[in-house]
């Protein structure tokens, strides 16, 4: 029951967080700045959770994977926010469906998690469903679609966060979901801060002083991302990474609805059909994963 609740919260919090990321970047806040502030604020909030952890007793493998996950996560989330700034939420959300495929492939080699035939069938359905969504773009489902910057950024984000997901699973195996979450916040803040410095972005907000509405959006964004990652860790602790990533694709239908409702994005019916096919694939994965 707790795993089901965690997956449900993950499915809801991720697209809602994407909405706030898109609103902030569309309002003039640089994607790298939004990415850094999210990690930074979460890092401050988790300080109290860090006191009971016996950090000096953690093995070297924990730290190697934590550093690698921090780099992959900071880069991946930076690409994601940049993609959301440029593209449609209802298109970029479904592109993430391919993350489950990458997660399964990486999981096979790094974690020894081999999916059964039903798991593979579910992944195929998820990819097939994404065809309907991507076919609504001007370039349609074609190689030309890959030339769009927002799609390229989304693909990089997908690959990096899929690798990050497998590394987080390894961190959890060394410690616990909570400890992994703390490290995700701290290392993410450190490496996203390095990205800001490397690209020489001004940390000052481009729209002047923080106003009430902006503060509220950042607070809601941090809440959504915090819930998203903590429930992700909990799910990883109780199921295989590839299967968890497939289930998370259920958030696609929420991304489509939010994109249509809040940003006036078109072709809602075709996108919902594609999302429904992807949901069927996810249901097959979870119900028949032990067959």
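Any read-out appearing in this document is the output of simple, stated calculations on the displayed coordinates, not a laboratory observation. Bear in mind that the values here come from a model prediction, so they are computed numbers and not experimental data. Note that each Cβ is placed from the backbone with ideal geometry, even for glycine, and that neighbours are counted across all protein chains shown.
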(request) For each of 29, 238, count neighbouring Cβ atoms within 10 Å of the residue's Cβ, then give the residues from fewest to most. (result) 238, 29
(message) Using 0.36 nm times the number of residues separating residue 47 and residue 263, minus their current alpha carbon distance, what extension gain do you get?
(response) 74.1 nm
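Of 22, 149, 169, how do they rank once you tally other Cβ atoms within 10 Å and put the fewest first?
Ordered by Cβ neighbours within 10 Å, fewest first: 149, 22, 169.
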(message) Using Cβ contacts closer than 10 Å as the measure, can you line up 38, 252, 48, 179 from fewest to most?
(response) 48, 179, 38, 252
(message) For the pair residue 108/residue 280, report the inter-label distance in nm, with labels modelled 7 Å from Cα in the Cβ direction.
(response) 2.5
